[in-house]
Amino acid sequence: MNETDRIKKDVALFEDSIAELETLSLDGNEEKVVDNAKRYYEDTKYYLKKGDFFTAFGCINYAHGLVDGLKSTSNIIQTIKMDKR
């Protein structure tokens with residue numbers, strides 16, 4: 001898998017994660033984290049378009065980290081699991 005394909009795969013995974021979060025009722029701090037993650041996601045697309053794969057990869061991984069951190073420190077994971085049933 002080349003750099004572009006790898007980043008695009010991570011972008012698609014992020015889009016799925018963020019779509020799950022957008023179905024939930026988030027508090028103000030959680031919304032700020034999601035907003036920051038979305039900004040890194042947008043940065044990823046910008047750097048990918050410029051051909052700066054190193055920075056694009058860093059941005060999408062940071063976005064994932066923010067979302068994963070949010071999920072692990074709140075009740076969000078349980079809510080998502082319950083909604084899927």
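The values are calculated or read from the model by the stated rules, or taken from the named source; none is laboratory data. Computed from a predicted model, the values in this text were never measured in an experiment. Here Cβ is always computed from backbone atoms with ideal geometry, including for glycine, and neighbour counts include all displayed protein chains.
For the reader, a short list of remarks on this structure follows.
- Qualifying residue in the stretch 47-69 (condition: at pLDDT below 95 and exposed (fewer than 13 other Cβ atoms within 10 Å of the Cβ)): yes
- For the criterion of being hydrophobic (A, V, I, L, M, F, W, C) and at pLDDT below 90, I77 passes.
- Residues in the stretch 11-31 that are at pLDDT 95 or above and under 18 Å from T73 (Cβ atoms): none.
- Summed over the stretch 15-44, the residues that are part of a helix (DSSP H, G or I) and either of a type in the set (F, W, Y) or surrounded by fewer than 15 Cβ atoms within 10 Å (Cβ to Cβ) (or both) give a count of 13.
- Sub-7 Å Cβ pairs linking a first residue in the stretch 45-66 that is farther than 24 Å from N29 by Cβ to a second residue that is acidic (D, E), at least 6 apart or interchain, are F53/E3, ordered by first then second residue.
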